[in-house]
1. So which residues in region 90-125 are free of Cβ contacts under 8 Å to residues at least 60 places away in the same chain and of a type in the set (G, A, S), if there are any at all?
2. Is one or more of the residues making up region 277-289 part of a helix (DSSP H, G or I), touching a strand residue (DSSP E or B) at 6+ places or on another chain (Cβ under 9 Å) and farther than 27 Å from G97 by Cα?
3. Looking only at region 137-167, which residues are part of a loop (DSSP other than H, G, I, E, B) and crowded, with 16+ Cβ neighbours inside 10 Å?
4. From L183, L208, which residue is in a helix (DSSP H, G or I) and either touching a residue at least 40 places away in the same chain (Cβ under 8 Å) or among the polar types (S, T, N, Q) (or both)?
5. Going by the conditions given, is A266 surrounded by 15 or more Cβ atoms within 10 Å (Cβ to Cβ), over 15 Å from the mean Cα position of the chain (by Cα), modelled with pLDDT of 90 or more and farther than 18 Å from M217 by Cβ?
6. Any residue at all in region 233-241 that's more than 26 Å from V169 (Cα to Cα) and of a type in the set (D, E)?
Amino acid sequence: MERQNDVDASKFGPSPAPGPGVRTAADYAAGTSGLGDASTPLARSVEHQLLVRKGLSTREPLPRPARTRTVVVANQKGGVGKTTTTVNIGAALAQQGLRVLVIDLDPQGNASTALGIEHRRGTPSIYDAVIDERPLQEIVQPCPEVPNLAVAPATIDLAGAEIELVSLVARESRLRKAIAAYLDATPTEERFDYVLIDCPPSLGLLTLNALVAGEEMLIPIQAEYYALEGLGQLIETVEMVKAHLNPRLEISTILLTMYDGRTRLAAGVGDEVRSHFGDQVLKTVIPRSVRVSEAPSYAQTVMTYDPGSPGALSYWEAAREMASRAEVAVGSGEDEEGTA
């Protein structure tokens with residue numbers, strides 16, 4: 001006789017699965033993405049954590065790009081993971097042997113907090129570079145937790161920059177000039193491989209400065225339908241910037257964040273994003289993770305706070321996938337630089 005406690009799983013239908021081509025943290029822990037040998041997932045996670053804490057690369061260093069890649073991390077919708085993506089991708093790239101500069105362009109200064117950088121009022125910051133043309137050499141600080149990672153912090157002064165920029169000459173290109181001058185002054189052997197710019201959740205003059213300064217754009221998209229609503233407006237802004245201010249700019253990378261593989265909603269949003277953007281969408285997705293949210297309260301990224309967590313493994317793999325892709329539009333606008 002069938003027991004009353006038995007449940008017929010067929011009544012509920014099959015469990016939702018990640019969309020096609022999606023790689024989750026479980027894949028990495030199981031070794032299907034080349035993270036390790038035939039040991040248990042827990043052992044691989046612990047090994048990864050120990051290597052990071054000892055300052056050792058968890059795999060062979062990534063090859064350096066031919067020249068500095070300037071990547072703008074932007075989405076005018078708040079809460080989609082822009083800052084979290086910027087600091088964790090930056091830390092993951094640095095842990096794998098690349099030199100990274102993170103520019104905090106958000107007046108809230110959350111990227112500076114997560115990377116353990118002082119950003120109280122009066123601290124030399126990106127505000128001084130954009131408004132007062134102070135050299136970045138006097139602003140950039142090394143990240144105390146991650147070698148090879150440097151930060152140009154943001155202070156609360158940046159909140160008034162939107163208004164102050166209105167009356168300044170060449171207001172859209174001031175960040176680009178500051179970055180170019182800094183990179184030109186950096187010795188070749190010490191050059192940065194990546195410059196990641198964390199933008200505020202708006203399409204104002206600060207974000208416009210970032211779009212003019214960058215060559216590539218990384219858009220984090222939360223795996224919920226609300227996150228898709230403003231994407232059209234963002235793409236229109238990018239096209240406008242390309243037409244009038246920065247012809248080199250391309251949307252090179254789209255990353256799905258806060259992905260819950262247990263829901264059909266996340267898979268549906270993922271499928272829709274992939275149908276529109278194709279190969280621009282990383283196969284790696286970032287899961288919802290308490291450890292990722294906890295890390296900034298300890299002035300750390302999840303890459304150092306809990307390197308063996310699913311969130312850290314996912315950002316680590318996303319960084320590898322992003323770095324392994326061919327550079328978008330490299331050299332396509334070099335002759336036009338400075339025309340804006």
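1. So the first thing to find is which residues in region 90-125 are free of Cβ contacts under 8 Å to residues at least 60 places away in the same chain, and the list is 94, 97, 109, 112, 117-125.
Once the filter is applied, which keeps residues that are free of Cβ contacts under 8 Å to residues at least 60 places away in the same chain and of a type in the set (G, A, S), region 90-125 yields A94, G97, G109, S112, G122, S125.
2. Quick first cut of region 277-289, residues part of a helix (DSSP H, G or I) only: 277-280.
This time we only want the ones that are touching a strand residue (DSSP E or B) at 6+ places or on another chain (Cβ under 9 Å), so: 277, 280.
Those left that are additionally farther than 27 Å from G97 by Cα: 277.
Yes, region 277-289 contains a residue that is part of a helix (DSSP H, G or I), touching a strand residue (DSSP E or B) at 6+ places or on another chain (Cβ under 9 Å) and farther than 27 Å from G97 by Cα.
3. Within region 137-167, I139, V140, C143, E145, V146, N148, P153, A154, T155 qualify.
4. Values: L208 fails: either touching a residue at least 40 places away in the same chain (Cβ under 8 Å) or among the polar types (S, T, N, Q) (or both).
The conditions single out L183.
5. On the way: surrounded by 15 or more Cβ atoms within 10 Å (Cβ to Cβ): yes; over 15 Å from the mean Cα position of the chain (by Cα): yes; modelled with pLDDT of 90 or more: no; farther than 18 Å from M217 by Cβ: yes.
Criteria not met by A266.
6. No, the conditions are met nowhere in region 233-241.
The values are calculated or read from the model by the stated rules, or taken from the named source; none is laboratory data. Everything quoted here is computed from the prediction, not taken from an experiment. Every residue, glycine as well, gets a Cβ built from its backbone with ideal geometry; the counts of neighbours run over all protein chains shown.
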